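The values are calculated or read from the model by the stated rules, or taken from the named source; none is laboratory data. Because the structure is predicted, anything quoted here is derived from the model rather than measured. In case anyone asks, the SASA skips ligands and DNA or RNA and just uses the protein heavy atoms, side chains included. Shrake-Rupley method; radii C 1.70, N 1.55, O 1.52, S 1.80 Å.
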Amino acid sequence: MGKRKRGPQLQISEKASAKKPKHKEDDKTFTTPEGQTFPIELKRYWDIRRNLFWRFDEGIQIDEEGLFSVTPEIIAQDTASRVAQLHNKKDEYGRICVIDAFCGVGGNTIKFAEWCEHVIAIDVDTKRLEMARNNAEVYGVADRIEFILGDFYQLAPTLKADVVFMSPPWGGPKYVNADAFDLDSMPFHTAQEWMDSARRISDNVVFFMPRNCDPIQLADLCPDIPCDIELNYTNGIFKAITAYYGDLAHCSSSNPRQLLPNDSE
Ligand code: MGP
Ligand code: SAH
């Protein structure tokens, strides 16, 4: 990635007062114009905030985990447009319900709500779930989303939907230090456990995974159904891998079936 200029609104927090000597930690954080302080390691994500949310400046809310794990909007759009293709496999009145099992601050949820009739957005973190709701309002699509606070693993047996999208925690930005991302060492549950939970709901599963994971292992999570692996790029830079299972393995992201905010269903 090329060197980025510091954004005009960004201030690196430096307490220059003579009375208050600069603390060591000050070099380790930066402060946004809204007064939010983040660790300096996250500045590279802040610098591309408008690629994460094209409408970032219209009131998007985000926290540390949200910043480093939100799906860039161009990738979230590709995924949502592909999932919307399932519409063609149902009857002409077919409605698509998508579960975003780990919604975070709503990067994927918002795009699913633009392309599909109903989204169930789940997160265990109260604050991030509220941020996702706020961010969906910024995009004018909150009315198509049901927000649920809870653990997807526990909720899965009670849920029904056409598609399950999973973008779980990968263990933070340090995931990239490993030569190969180990699907068995994800936080909380293995990739296979998350997949088994999702398939209780539908075989149409989407797994958003680190770019250093092995595509063969991803396909082997479901050896009995088709799988298609997509490499996700933004501005020519390899960012992540998306694996599509079930009927979604045969879909593409070319159909312009975008729903407008507040479209009647
Ligand atoms: P990255 O590799 O941490 O950053 O995340 P980047 O911009 O490639 O930096 P580089 O300097 O390493 O090249 C790339 C993308 O993966 C992020 O923008 C997120 O969409 C996604 N992502 C990163 N992490 C750490 C997570 C995570 O823990 N969970 C999920 N679901 N997505 C993540
Ligand atoms: N795709 C999202 C980012 C997801 S980050 C976006 O584009 O914004 C992963 C999220 O999973 C975090 O917000 C974390 O709080 C949530 N999470 C972790 N364990 C969970 C669980 N068991 N059930 C539901 N959500 C969980």
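Give the carbon-plus-sulfur fraction of the accessible surface of the range 95-204 in %, rounded to a whole number; probe 1.4 Å, heavy atoms of protein chains only. Its accessible area is 49 percent carbon and sulfur atoms. Excluding same-chain neighbours fewer than eight residues apart, the aspartates and glutamates reachable from Lys28 by a Cα-Cα span under 13 Å are Glu14, Glu41. Spatially, the range 30-67 and the range 187-235 are offset by 28 Å when compared through their Cα centroids.
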